[in-house]
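Inspection log for the structure reproduced underneath, given as structure tokens.
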Amino acid sequence: LVGAIDQGTSSTRFLVFNAKTAELLSHHQVEIQQKFPKEGWVEQDPKEILKSVYECVERTCENLRQLNINISNIKAIGVTNQRETTVVWDKTTGEPLYNAIVWLDLRTQSTVERLLKKIPGKNKSFSKFKTGLPLSTYFSAVKLRWLLDNVEEIRKAVDDGRALFGTIDSWLIWSLTGGKNGGIHCTDVTNASRTMLFNIHSLEWDPELCQFFDIPMEILPKVRSSSEIYGLMKICPSLTSGALTGVPISGCLGDQSAALVGQMCFQDGQAKNTYGTGCFLLCNTGQKSVFSEHGLLTTIAYKLGRDKPVCYALEGSVAIAGAVVRWLRDNLGIVKTSQEVEKLAAEVGTSYGCYFVPAFSGLYAPYWEPSARGIICGLTQFTNKNHIAFAALEAVCFQTREILDAINKDCGIPLNQLQVDGGMTNNKILMQLQSDILCIPVVKPSMPETTALGAAMAAGAAEGVGVWSLNPGDLTAVTCERFEPQINPEESEFRYARWKKAVVKSMGWETSEAPSNGKPK
């Protein structure tokens, strides 16, 4: 058996798989609180995240005992995580020095603008060929820069040599392998490739970029492959049972890379789209890094072993997908549960000319337009909450279409079907809509926990563990559900063109010069 910790933006899960059959045996999930202290700010408590991991491990182990499954058969644990989210903690006390700044957070817009002034021609793509990324609020380096500029306690800890920086994977692995008592401070190449401080070709922290962002290299974690033994689980006071003590943590992948592995997209040109808080389409480009002409990122797909080659991917990142459903639930209150959105949308079967651009955190791929904000347009007296629910689901599909168009242009070979996964894929209306809007079939594996599966595969296949074979012949065939396009392409094109018109209207909304009294407007 292999366990996987899946620490996402909206929830934490621990899942246990059978390494021979890839069958999911048991899991437990805990929702994570997101804090919005000011407009555009998104934070989480790193201690709450860690506590949720322990709770999920504990409860999953209890479930396994009730199923008469011996938990001593768990031979390895993989970690997969929301990427870019930034934590700085004190290595002497094990305490975080500030809340985690979440990938979606926009407070660093002024930091980005200040940094842009240092670049000849204010070129956002100045580090594209080293990092694969544009300068944006999305990546860890600017979040870390903001923390160093604005949190006295962090500056002091850095000066005293007590501070450690990490993305969520690093914080979890350090804590789980002993914390202040000898915890391992490391990350993997996929997570490192999302910081803007990492050279994706040499696979090392880049001294010039660290200098540009003025970040001390000694606080950075050691970068390892995605599949090797990093350290052993230490006994934890909150794990009453002492379960999993001494089990190696041997897999680590950012969530989108993990989903690519879990969908078995090991061939050049294979792609998957994950519908979580955001939406992420990754296309494997093999051992060559491809640079996009159409607003996509170049990122590390995986490196499945110390001596294995690194593989790259083109990525289209959309900030708001499942988050729009959470917003309809928590902010507007038009539904009580996320599942109700599907029901509301199904009752009308159309948005009736209403379009929703959920640019809550600006627009990510393919526009990279931080000034955009969310809009709902095309409203009439006829529009009701059902139409808005439908428009919200449609928005997720249109955003995916924009990215798919970009990937097809960059790769030159159009995808003939789309492999999908993530929490939102349980929504059948959404999957049918997606197929209609893309005009290609959408294929969903019957086991939707692909991200966790990818982390488990990496952990189980690690040298010194060797319970999971990644040889193509040994990978189990996955049963899938297919959604075929059911509307004519002309109608699809018409709706897509209207959507693009709405996107233009959402841009240029916000300027960082706006007077601010520090309170949300």
### Query
From a point 7 Å beyond the Cα of Leu379 in the direction of its Cβ, which residues of region 302-329 have a backbone N at a distance under 16 Å?
328
### Message
How far apart, in nanometres, would the label points at Thr337 and Gln486 be if each is projected 7 angstrom from Cα along the Cα-to-Cβ direction?
### Response
2.3
### Message
Assuming 0.36 nm per residue, please report the length gained on full extension of the stretch Leu475 to Glu208 beyond their Cα-Cα distance.
### Response
92.0 nm
### Message
How large is the convex hull of the C-alpha atoms of the chain per residue, in Å³?
### Response
146
### Task
Would you please give the residues with an amide H less than 5 Å from that of Cys480, counting only those at least 5 places away or on a separate chain, with H modeled from the backbone geometry?
Ser446
### Cβ-derived FRET efficiency at R0 60 Å, Lys180 paired with Glu493, nearest 0.05
0.55
### Query
Given a 1.4 Å probe, how much area per residue of region 138-237 is accessible, in Å²?
34
### Message
To the nearest 20 Debye, how big is the dipole of region 158-256 about its Cα centre, given +1 on the beta carbon of each Lys and Arg and -1 on that of each Asp and Glu?
### Response
480
### Task
Hey, can you find the accessible area per residue of region 297-342 for me, probe 1.4 Å, expressed in square angstrom?
38
### Task
Would you kindly derive the ³J(HN,Hα) couplings of region 447-460 from the backbone phi angles with the Karplus curve 6.51 cos²θ - 1.76 cosθ + 1.60 (θ = phi - 60°), listing them in order in whole Hz, with x for Gly and Pro?
9, x, 7, 5, 4, 5, 4, x, 5, 5, 4, 4, 5, x
### Query
Which listed residue (Ser506, Asn384, Asn427) has the Cα farthest towards the positive end of the charge dipole for region 364-521, taking +1 on Lys and Arg C-beta and -1 on Asp and Glu C-beta about the Cα centre?
Asn384
### Query
By a straight-distance test (C-alpha under 19 Å), which aspartates and glutamates pair with Lys51 as possible cross-link partners, with residues fewer than eight away in the same chain excluded?
Asp6, Glu31, Glu43, Glu62, Asp90, Glu95, Asp169
#### Entry: the chain, accessible surface, carbon-and-sulfur percent (1.4 angstrom probe)
52
### Sequence-distant aspartates and glutamates (8 or more away, or on other chains) whose Cα lies within less than 12 Å of Lys444
Asp421, Glu481, Glu484
### Task
Assign unit charges at the C-beta atoms only (+1 for Lys and Arg, -1 for Asp and Glu), then state the dipole size of region 369-480 relative to its Cα centre in Debye, rounded to the nearest 20.
400
### Summary
Listed by chain and number, the residues whose amide H is under 5 Å from that of Leu25, excluding neighbours fewer than 5 places away on the same chain and using placed H, are Val16, Phe17, Asn18
#### Entry: region 21-36 - phi-based ³J(HN,Hα) in whole Hz, Karplus 6.51/-1.76/1.60, Gly and Pro as x
10, 6, 6, 7, 8, 6, 7, 9, 10, 10, 6, 9, 7, 9, 9, 10
### Message
Assuming 0.36 nm per residue, please report the length gained on full extension of the stretch Asn416 to Arg306 beyond their Cα-Cα distance.
### Response
36.2 nm
### Query
In nm, what is the difference between 0.36 nm times the number of residues separating Asn68 and Lys118 and their Cα-Cα distance?
11.9 nm
### Message
How big is the dipole moment of the chain about its Cα centre under a simple scheme where the beta carbon of each Lys and Arg is +1, that of each Asp and Glu is -1, and everything else is neutral? Debye, nearest 20, please.
### Response
500
### Task
List the aspartates and glutamates whose Cα lies under 13 Å from the Cα of Lys130, skipping any in the same chain that are fewer than 8 positions away.
Glu204, Asp206, Glu208
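The values are calculated or read from the model by the stated rules, or taken from the named source; none is laboratory data. The shown structure was predicted, so the numbers you read here are calculated from the model rather than taken from an experiment. Glycine also receives a Cβ, built like all others from the backbone with ideal geometry; neighbour counts cover every protein chain displayed. Remember, those area values only see protein heavy atoms, side chains included, never the ligands or the DNA or RNA. Shrake-Rupley method; radii C 1.70, N 1.55, O 1.52, S 1.80 Å.
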